[in-house]
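Here the structure is laid out as structure tokens; the discussion comes afterwards.
Laboratory data are not the source of any read-out in this text; all were calculated from the coordinates shown. Remember, it's a predicted structure, so these values are computed and weren't measured experimentally. Every residue, glycine among them, receives a Cβ derived from its backbone with ideal geometry; neighbour counts consider all protein chains shown.
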Amino acid sequence: MKNDCIFCAIAAGEIPSFKVYEDDVVVAYLDINPVSEGHTLVIPKKHTEGLLDTPDETLAAVVARVKLVAAHLKKVLPCDGFNIAQNNGEVAGQTVKHVHFHIVPRYKGDDPLVFKGAKGDMERLAALAARLAMPR
Ligand code: 5GP
Ligand code: ZN
């Protein structure tokens, strides 16, 4: 393995994967620990660690492939919807440091991936929004 990255090794065909789609930019393959039937990972072939160090052009191309593969999964599988997940940093659950998008098909009766929020305090939200507001 060139750089110790398991997803680079999969992209290079050095270790096997259950491939769903491949072109010059991405490879998509089944997750070995599927959250649901058809759980698929889409990765750029070129190594970057996460969203923030991946060039915009690469991200645009990868997201277009995420859409393509998700549409295909939805056509072939009897799923009723899907989640897209993209984790950045260990604290966010990222275990493989090669940027990747999860496509998790969802079926009626599933327990979906949801963020369990609690009602926000309006004053705190207003103060936070003022602090975070970005110039265009
Ligand atoms: P993360 O937690 O970093 O967002 O997701 C990494 C995903 O990669 C996990 O869902 C894990 O099951 C999957 N994974 C880790 N190693 C391999 C592997 O060698 N092959 C495949 N197909 N999936 C892997
Ligand atoms: Zn890599």
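When region 32-59 is limited to residues that are outside any loop (DSSP other than H, G, I, E, B) and surrounded by 14 or more Cβ atoms within 10 Å (Cβ to Cβ), the one that is nearest to ligand 1 (Cβ to nearest atom) turns out to be Leu41. Which members of region 71-102 meet the condition of being in contact with an Asp or Glu (Cβ under 9 Å, 6 or more places away or on another chain) and aliphatic (A, V, I, L, M)? Passing the criteria: Leu77, Val99.
Condition test on Leu51, is it within 12 Å of the chain's Cα centre (by Cα), away from ligand 2 (no atom under 14 Å from the Cβ) and without any contact (Cβ under 8 Å) to a residue 60 or more places away in the chain? Judged against the criteria, Leu51 is a match. Scanning region 9-31 for residues that are surrounded by fewer than 18 Cβ atoms within 10 Å (Cβ to Cβ) and in a loop (DSSP other than H, G, I, E, B) returns Ala12, Gly13, Glu14, Ile15, Pro16, Phe18, Asp23, Asp24, Val25, Asp31. When region 62-81 is filtered for residues that are within 14 Å of the chain's Cα centre (by Cα) and either within 16 Å of ligand 2 (Cβ to nearest atom) or surrounded by fewer than 16 Cβ atoms within 10 Å (Cβ to Cβ) (or both), the ones remaining, listed by number, are Val62, Val63, Ala64, Lys67, Leu68. Take the conditions part of a strand (DSSP E or B), hydrophobic (A, V, I, L, M, F, W, C) and either within 16 Å of ligand 2 (Cβ to nearest atom) or within 23 Å of Ala9 (Cβ to Cβ) (or both) and apply them to Ile84. Does it pass? Criteria not met by Ile84.
Inside region 1-33, residues that are closer than 20 Å to Ala60 by Cβ, more than 9 Å from ligand 2 (Cβ to nearest atom) and either free of Cβ contacts under 8 Å to residues at least 40 places away in the same chain or of a type in the set (Lys, Arg) (or both) make up a count of 4. If the condition is being under 21 Å from Pro112 (Cβ atoms), in contact (Cβ under 8 Å) with a residue 12 or more places away in the chain and not in a strand (DSSP E or B), then region 88-102 contributes Asn88, Gln94, His100.
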